[in-house]
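J.: I have a structure I would like to understand better, so I am pasting it below and will then ask my questions one at a time.
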Amino acid sequence: MTTAIDQATCAKEQFILRFPAGMRAQLKNIAAANRRSLNAELLLMIERGLAAACEPQSTLQPGRVKDLSNLKKKNMA
């Protein structure tokens with residue numbers, strides 16, 4: 001007989017992920033420092049990555065923006 005908890009667990013999608021050597025330990029350390037489970041930490045990282053990917057991206061690279069700002073200051077002087 002299945003319980004409500006078993007059904008809730010089964011309803012979530014599962015994905016097997018292979019990490020490069022040492023990455024799992026690094027992620028576990030980050031999760032522990034943030035007082036989260038490895039799963040919770042990974043989900044948060046994925047959610048943040050997806051949110052950042054959906055934001056409009058500037059066509060200028062950060063270093064290039066600084067260069068243009070400095071050029072504008074020189075031309076104003």
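The values are calculated or read from the model by the stated rules, or taken from the named source; none is laboratory data. Please read these numbers as outputs of a predicted model, since none were measured by experiment. Note that each Cβ is placed from the backbone with ideal geometry, even for glycine, and that neighbours are counted across all protein chains shown.
J.: I'm trying to understand the selection: among the residues of the range 1-24, which are at pLDDT 90 or above and either surrounded by 10 or more Cβ atoms within 10 Å (Cβ to Cβ) or touching a strand residue (DSSP E or B) at 6+ places or on another chain (Cβ under 9 Å) (or both)?
T.: The answer is Phe19, Met23, Arg24.
J.: A follow-up question, please. Among the numbered criteria (1) part of a helix (DSSP H, G or I); (2) modelled with pLDDT of 95 or more, which single criterion is violated by Arg36?
T.: Failed condition: (1).
J.: Checking the structure you have, find out if any residue of the range 59-70 is at pLDDT below 65, under 23 Å from the mean Cα position of the chain (by Cα) and hydrophobic (A, V, I, L, M, F, W, C). Write out each step before concluding.
T.: Within the range 59-70, the subset at pLDDT below 65 is 59-70.
With under 23 Å from the mean Cα position of the chain (by Cα) added as a condition, the list becomes 59-63.
Keeping just the survivors that are hydrophobic (A, V, I, L, M, F, W, C) gives 60.
The answer is yes, given that some residue of the range 59-70 is at pLDDT below 65, under 23 Å from the mean Cα position of the chain (by Cα) and hydrophobic (A, V, I, L, M, F, W, C).
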